[in-house]
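To start, the structure under review is shown below, and the notes come after it.
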Amino acid sequence: MTFTKDQIVQLEKLVEEANDITLITHANPDADTVGSALALHNVLVQMGKKAQVVCPNPIPDFIQWMHNIDTVIVHDREGRKVQRLVENADLIFAMDFNAPHRTSNIEKSMMETKAKKVLIDHHLFPDEDYFDLMFSFPKKSSTSELLFDILRASNYKKYINKEIATNIFVGLMTDTGSFAYNCNQPETFETAAELIRYGVEVKKTHDLIYNNNSIDRIRALGYSISERLRVFPKQNAAYISLSAEDLTRYGNGEGLTEGIVNYALSIQGICFAALLTEKGDKIKISFRSKGTYDVNAFARKYFEGGGHHNAAGGKSFLSLEKTEQKLEELITNLEIPC
Ligand code: 5GP
Ligand code: MN
């Protein structure tokens, strides 16, 4: 399944008619949402459009080197400005999320804006009533890969350059865990090959993402695994839980805990993993699974969240201890095939 020529024509028409364009990322932005938004932003600016990328909250440190990252405006820091940019835009793009509530503090402006609304995303269950035009393809590895397909199928192909290709490559690489999952189809690798033709430097880009850890991050990882990991061998499940105090001890940098959940999932015989982090008045939870167990359904049902089949997120407003208890009770009653 792919998009139609008619969808591309509609997209080009909406862009042509718009002057003020705002591209929105999801909350707790990752490299896919930021990379795809900045790549499309680059195209729009080359076309002479007034375009702006906005994020609900700060961008993690490990992608602070991405091309044009300094142009992004963050709601947590400049709320009024982001509000104006969303509410006064002619056209908004939702990059890598399926519904306005995924933007936390930008949701209200998204509901109030008179702008036309375009979705470019690979999450299940898009909010069909909200968007005027949808590119929603849950089978795609990443929104970045989907955007690259859209650009190549449109009149925007001529604007693709090394910077755009690199931002797209970063989204694709990180959403597939460095080409390990969500990429068991030739198209994803063909996309990667094409991006390299546009000048992507694979080793350099990989090093910037994966071999660029702060000491705090590595120590936080060690502590998480040695002190905060609980394993339920009978249920094929494991989770790591980090309190606000734990996070403070390691500097609480943006993206400090990114990827830690994967270490719990990497244990032999573990097919369900979670990471609990205490953030202000709520507990943020990341879920991961191997194989058939659907963590998207689990996150939706028990933790006000969602995501993908093997990678989802959610939240809890109970204390950390009570959230751990709730999760442990659920795990104890789960049948997780492995
Ligand atoms: P992460 O664990 O990396 O924060 O999120 C994993 C996946 O689940 C991502 O695709 C993300 O977009 C999605 N996700 C994370 N938190 C939430 C949430 O609270 N609600 C929904 N619907 N999806 C989420
Ligand atoms: Mn994504």
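The values are calculated or read from the model by the stated rules, or taken from the named source; none is laboratory data. Since we're looking at a predicted model, the values are computed, not measured. Backbone-built Cβ (ideal geometry, glycine too); neighbour counts: all protein chains shown. Please note that ligands, DNA and RNA were not included when accessible areas were found on the heavy atoms of the full protein model with its side chains. Shrake-Rupley method; radii C 1.70, N 1.55, O 1.52, S 1.80 Å.
Length gained on full extension, Ser266 to Ile196: 22.3 nm, using 0.36 nm per residue less the C-alpha separation.
For region 36-166, report the translational diffusion coefficient in µm²/s to the nearest whole number, using Stokes-Einstein at 20 °C, 1.002 mPa s, and a Kirkwood Rh over Cα pairs. Calculated translational D: 141 µm²/s. What do you get for the angle between helix 186-197 and the principal long axis of the chain? Use alpha-carbon atoms, 0 to 90 degrees, nearest ten. Rounded to the nearest ten degrees, it is 60. For region 165-173, backbone phi angles converted through the Karplus equation (6.51, -1.76, 1.60; θ = phi - 60°) give residue-by-residue couplings of 4, 5, 4, 5, 4, 5, x, 5, 5 Hz, Gly and Pro being listed as x. The Cα trace of region 80-237 gives Rg and Dmax of 19.0, 55 Å, the first to one decimal, the second as a whole number.
For region 32-48, putting each phi into the Karplus relation 6.51 cos²θ - 1.76 cosθ + 1.60 with θ = phi - 60° gives couplings of 6, 5, 6, x, 5, 5, 5, 5, 5, 4, 4, 4, 5, 5, 4, 6, x Hz, in residue order, rounded to whole numbers and with x for Gly and Pro. Peptide packing: for 328-334, 8-14, 18-24, 31-37, the average count of neighbouring Cβ atoms within 10 Å per residue gives the ranking 31-37, 18-24, 8-14, 328-334, highest mean first. With a Cα cut-off of under 19 Å and a minimum spacing of 8 residues unless on different chains, the lysine pairs in region 89-222 number 4.
Both the radius of gyration and Dmax for the chain are 19.7, 59 Å, in that order, over alpha-carbon atoms. The slack in the chain from Tyr130 to Leu318, taken as 0.36 nm per residue of separation less the alpha-carbon distance, amounts to 64.6 nm. Listed values for region 67-82 are Karplus-derived 3J(HN,Hα) couplings in whole Hz (6.51 cos²θ - 1.76 cosθ + 1.60, θ = phi - 60°), namely 4, 6, 4, 5, 7, 6, 10, 9, 4, 4, 9, 10, x, 4, 5, 5, and x replaces Gly and Pro.
Relative to the dominant Cα principal axis of the chain, helix 320-332 is inclined by about 80°. The heavy atoms of Leu208 present about 50 square angstrom of accessible area, all protein chains included, probe 1.4 Å. Lysine pairs in region 215-332 whose alpha-carbon atoms fall under 18 angstrom of each other, counting only those eight or more residues apart or on distinct chains, come to 17.
With an 8 Å Cα cut-off and a minimum separation of 6 or more residues, compute the relative contact order for the chain in percent.
13
Using alpha carbons only, the radius of gyration of region 215-332 set against its Kirkwood radius gives Rg/Rh = 0.94. Across region 51-153, C-alpha contacts under 8 Å between residues 6 or more apart give a mean separation that, scaled by the residue count, equals a relative contact order of 21 percent.
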